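Single-structure report; data block below.
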């Protein structure tokens, strides 16, 4: 980490603004895109373009291409992160408001804590973690269950289920990344995973029949702009800002985007997407965020993860 005195304050503020507001706004961009473009196809285009651009950029800078073993590891993570997590996120946003989708995906730290407790056994189930997990579960219940005595329509059950499966898949990828051999350069590792993920998402889109009846010429300019925003701002610019911050700020400060992104997504969805904010949304969101804060600020004796890619939702890298 370089001395903070040598870094202009505006650069730091700009980088934080990007990971706070750009990543938080990508959820609405996804929702705009999937109104006209099939979800797995849209996700495939996003990560295929972004991954190829990042991979070629790193190769031009002289970074060696991943070895066969590293490509295999990237493929395993790509299935869990991009096909399962992002693919289901894009699919769910056909049924769930973008702000709520961001809040549901904010449960990832809870599932990661469970993975560390149950699978890796690198974390103990302390009273603090137990309370945090229960609070997060209560927040999801408030958003989903019809029995919660709060105004507002509960979240679509199928969409909520898909988001939770995606969050679990991400947590499994984070656990596996500790044991897989990935490229040392974070940008190359991320580019390789995005590239493979984009290819696999396109294959999934073909298998699901999303190419049938799809006509690019019929897609509105708004949807194409949403895709361009996801590729350039969400994946490339957001990732660059995130990696830069990791080299100049403490991980604790950088990790605060996990609390801010869902709030930004809810506000952006309300202001620009016409999504409602009622008592159910407010209470559920607050409970999930309290859970995230407790979990992510708890002392962690586990070894650091190998770098993987993710933006937005709760833990991009």
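The values are calculated or read from the model by the stated rules, or taken from the named source; none is laboratory data. Every value quoted in this text rests on a predicted model; they were computed, and no experiment measured them. Using ideal geometry, Cβ is built from the backbone for each residue, glycine included, and neighbour counts are taken over all protein chains shown.
Test of understanding: among 231, 243, 264, which residue is surrounded by 14 or more Cβ atoms within 10 Å (Cβ to Cβ), more than 18 Å from residue 132 (Cα to Cα), touching a helix residue (DSSP H, G or I) at 6+ places or on another chain (Cβ under 7 Å) and at pLDDT below 80?
Values: 231 fails: at pLDDT below 80; 264 fails: at pLDDT below 80.
One residue alone meets the criteria, 243.
In the set (1) part of a helix (DSSP H, G or I); (2) buried (at least 20 other Cβ atoms within 10 Å of the Cβ); (3) modelled with pLDDT of 95 or more, residue 54 fails one condition alone, (3).
Only residues that are under 17 Å from residue 44 (Cβ atoms), outside any helix (DSSP H, G or I) and modelled with pLDDT of 95 or more were counted across the range 212-226, and they come to 1. Out of all the residues in the range 27-50, is one or more assigned to a helix (DSSP H, G or I) and surrounded by fewer than 17 Cβ atoms within 10 Å (Cβ to Cβ)? No; the residues of the range 27-50 include none that is assigned to a helix (DSSP H, G or I) and surrounded by fewer than 17 Cβ atoms within 10 Å (Cβ to Cβ).
Do we have residue 192 as in a helix (DSSP H, G or I), within 22 Å of the chain's Cα centre (by Cα) and either at pLDDT below 90 or under 24 Å from residue 102 (Cβ atoms) (or both) here? Considered against the rule, which asks whether it is in a helix (DSSP H, G or I), within 22 Å of the chain's Cα centre (by Cα) and either at pLDDT below 90 or under 24 Å from residue 102 (Cβ atoms) (or both), residue 192 comes out as no.
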